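The values are calculated or read from the model by the stated rules, or taken from the named source; none is laboratory data. As the structure is a computational prediction, the values presented were derived from the model and not from experiment. Every residue, glycine as well, gets a Cβ built from its backbone with ideal geometry; the counts of neighbours run over all protein chains shown. The accessibility values were calculated without ligands, DNA or RNA, using every heavy atom of the protein model including side chains. Shrake-Rupley method; radii C 1.70, N 1.55, O 1.52, S 1.80 Å.
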Amino acid sequence: LFSTPRINIMITSSCLDTNLILSTYCYLSAKGFYSLRHLSNPVIPVVFHTKSQLSPRCFSFRTMTSHSGQDKEGASGGKQLVVDPFCFRQFSESNASISYTGTVFDMSIQEFEEIVNSRYDPANLKPGYAPFCKHLFLTNDFTNARLNVLPITRENEHCIRTKYEARTENELPVLTRFFDRKLFEKSAGGEGAEKEDVFPVAKYLDLILYSREQIEKENAAMGKESSHGGKEAAPWGIVSIKAQDVDFELPMTPMTAMRNALGKDEGGSGVPLDRGAYMAACDYWKDHATVN
């Protein structure tokens, strides 16, 4: 079925179940079908808002590989975005997730890549802290990722802990500050509290992207092999995924900015410290902390 370049679906008057149609669309999207188009006007994507809009009409799903060089196809099997090995720790299928204290996704890396590529639009890329860094904000309607950055209050400040931490074995450890998850859950909700009451599901995902060129430069500086054995050609690598309630960039932690300025040999990016951005980060993070 999924080797077929195009699938035509006729929606007749006897098939007006909105949930069924949208479920089918989401399922096919997860399998790599990226667009739902009206056959009489293939330029305009179809969006369902109400059942009354579902009059008899014919639509088609197009695969990411059916039209080489068009639309959202990239050089890596039709993908513009791939999860970089540095970000594998955010997926439960990776052993690195066991010790990772941030957001971890239950879905597979492959499934995640298929969904985010189906929603990729270069016009939606937002600038990051350097030319090689971009942000892509997606509505989080396909994961159960929960918020892990919360305000510091008098009621929860006793849950804050610190430690020296390195993200990889080649990085220098830096001092980090965070809410201890177990202490926070006990303090915020008490015994028997529901997880969603303490940590709501995030409204958005912030995909932090590095260019392929920058990833290779950093790998070379740290003596690491090229991503995916040098065979990866997708222009953007997803190096981190943040679950949050706003569709704009939150300031990076001051320690992350400091680490980036250390240079590629120590696990940074070699971008000089921006004093204005650093002070803005301090202003935000003096009142917030991550949950680990």
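Determine the shape class of segment 205-276: with a ≥ b ≥ c the square roots of the Cα gyration tensor eigenvalues, call it rounded for a/c under 1.5, and otherwise prolate if a/b is greater than b/c, oblate otherwise. In terms of gyration-tensor shape, oblate. Site pair LYS217 and THR139 shows an inter-label distance of 3.6 nm when each label is modelled 7 Å from Cα along Cα→Cβ.
Using a probe of 1.4 Å, the accessible surface attributed to ASP247 totals some 90 Å² when neighbouring protein chains are kept in position. The packing ranking, built from the mean of other Cβ atoms within 10 Å per residue, places the peptides 95-105, 250-260, 149-159 in the order 250-260, 95-105, 149-159, highest first. Sequence-ordered 3J(HN,Hα) estimates for segment 261-276 from the Karplus curve with 6.51, -1.76 and 1.60 and θ = phi - 60° stand at 6, 5, x, 5, 5, 9, x, x, 9, x, 7, x, 5, 9, 4, x Hz, glycine and proline given as x. Shape of segment 242-292 from the C-alpha gyration tensor: prolate (a/c of 1.5 or more and a/b above b/c, with a ≥ b ≥ c the square roots of its eigenvalues). Applying the Karplus relation 6.51 cos²θ - 1.76 cosθ + 1.60 with θ = phi - 60° to segment 93-108 yields 3J(HN,Hα) values of 5, 8, 4, 5, 6, 4, 9, 7, 9, x, 5, 10, 9, 7, 6, 6 Hz, where x marks Gly and Pro. Among PHE248, PHE199, the sequence by solvent-accessible area, most first, with a 1.4 Å probe is PHE248, PHE199. Look at the Cα gyration tensor of segment 103-181: its axes a ≥ b ≥ c give a/c of at least 1.5 with a/b over b/c, and that counts as prolate. Residue-wise HN-Hα couplings along segment 146-157, as the Karplus relation 6.51 cos²θ - 1.76 cosθ + 1.60 with θ = phi - 60° gives them from phi, are 10, 4, 9, 10, 10, x, 8, 10, 4, 6, 10, 5 Hz; Gly and Pro carry x.
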